[in-house]
1. Could you give every pair whose Cβ atoms fall below 6 Å, whose first residue belongs to the range B:29-58 and is within 22 Å of B:SER92 (Cβ to Cβ), and whose second residue is of a type in the set (D, E, K, R), counting only separations of at least 6 or pairs across chains?
2. Is one or more of the residues making up the range B:66-74 hydroxyl-bearing (Ser, Thr, Tyr) and assigned to a strand (DSSP E or B)?
3. When the residues of the range A:36-62 are filtered to those that are part of a loop (DSSP other than H, G, I, E, B) and acidic (Asp, Glu), which remaining residue is surrounded by the fewest Cβ atoms within 10 Å (Cβ to Cβ)?
4. Quick check: is even one residue across the range B:77-96 at pLDDT below 95 and farther than 23 Å from A:THR96 by Cβ?
5. Counting only residues that are in a helix (DSSP H, G or I), farther than 18 Å from A:HIS12 by Cα and among the hydrophobic types (A, V, I, L, M, F, W, C), how many does the range A:78-98 have?
6. May I ask you to list the residues in the range B:13-28 that are in a helix (DSSP H, G or I) and closer than 16 Å to B:GLU53 by Cα?
7. For the range A:63-75, give me each residue that is under 18 Å from the mean Cα position of the chain (by Cα) and either surrounded by 13 or more Cβ atoms within 10 Å (Cβ to Cβ) or among the charged types (D, E, K, R) (or both).
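The values are calculated or read from the model by the stated rules, or taken from the named source; none is laboratory data. As the structure is a prediction and not an experimental result, all values here were calculated from the model. For neighbour counting, all protein chains shown are included, and Cβ atoms are generated from backbone atoms with ideal geometry for every residue, glycine included.
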2 protein chains.
Amino acid sequence: MDYSRMCPKYEHAAELLGKKWTGLIIRVLLDGPKRFKEIKFQIPDMSDRILTERMKELEDLEVIVRNVYPEKPVRIEYELTEKGLALEPVISSIQTWGEKWM
Amino acid sequence: MDYSRMCPKYEHAAELLGKKWTGLIIRVLLDGPKRFKEIKFQIPDMSDRILTERMKELEDLEVIVRNVYPEKPVRIEYELTEKGLALEPVISSIQTWGEKWM
């Protein structure tokens, strides 16, 4: 196997998943679209600032999409994209290994 | 699901896998026990200093074991433990996702 070819895409994916709270945010969104406050409610230890930062990163990477509904008051929900949904088995496998071995 | 319980073990596992070169080192060792120089040969872009650091971290976490054979000259090989071998499907799933989506 040519290991040098494995490197960049693996590293980027692993770096993304290794960021504090990111896996947890994705897990919460696997339940379905959520508002900022709903995500926050599920992960109370995370600050608003960090959640905002992580959501921005995930949006930039097209792992989540931000939907704005023009209601009154305006409703904003975050939703996993196909790319984000595809992380489900990846996060599960990290979680399974972590539970057994860490 | 209680997300707060997911947190620490997932985070530790994901943090480990997200460290630059770590996934690659484990992949190389999945081929079987290797000497320091053999690992280095497979990952030429990584410095000796970083490889030493990563190997120490992986040894501390009992992901790898360092075997010393009292030959002349002494032979030292690094080998995945059961815990390390169990990372194979985890790394594969990150790799598969990364290749498709990153």
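1. Short answer, once both residue conditions are applied: B:LEU30/B:GLU88; B:PRO33/B:GLU77; B:PRO33/B:GLU79.
2. Among the residues of the range B:66-74, at least one is hydroxyl-bearing (Ser, Thr, Tyr) and assigned to a strand (DSSP E or B), which makes the answer yes.
3. Here is the first cut: in the range A:36-62, the residues part of a loop (DSSP other than H, G, I, E, B) are A:43-47, A:61-62.
Pick out the ones that are also acidic (Asp, Glu) and you get A:45, A:62.
Working: A:ASP45: 9, A:GLU62: 12.
Filtering the range A:36-62 for residues that are part of a loop (DSSP other than H, G, I, E, B) and acidic (Asp, Glu), the one surrounded by the fewest Cβ atoms within 10 Å (Cβ to Cβ) comes out as A:ASP45.
4. no
5. Residues flagged as in a helix (DSSP H, G or I), farther than 18 Å from A:HIS12 by Cα and among the hydrophobic types (A, V, I, L, M, F, W, C) within the range A:78-98 amount to 1.
6. Within the range B:13-28, the first condition is being in a helix (DSSP H, G or I), and the residues that meet it are B:13-18, B:22-28.
Hits for the range B:13-28 are B:GLU15, B:LEU16, B:LEU17, B:GLY18, B:THR22, B:GLY23, B:LEU24, B:ILE25, B:ILE26.
7. Passing the criteria: A:VAL63, A:ILE64, A:VAL65, A:ARG66.
Yes/no per residue for (1) more than 8 Å from every other protein chain (Cβ to nearest Cβ); (2) farther than 24 Å from B:LEU16 by Cβ; (3) small (Gly, Ala, Ser):
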site: A:ALA14; (1), (2), (3): no, no, yes
site: A:LEU29; (1), (2), (3): yes, no, no
site: A:GLN42; (1), (2), (3): no, yes, no
site: A:LYS72; (1), (2), (3): yes, yes, no
site: A:ILE76; (1), (2), (3): yes, yes, no
site: A:GLU79; (1), (2), (3): yes, yes, no
site: A:SER93; (1), (2), (3): no, no, yes
site: A:GLU99; (1), (2), (3): no, no, no
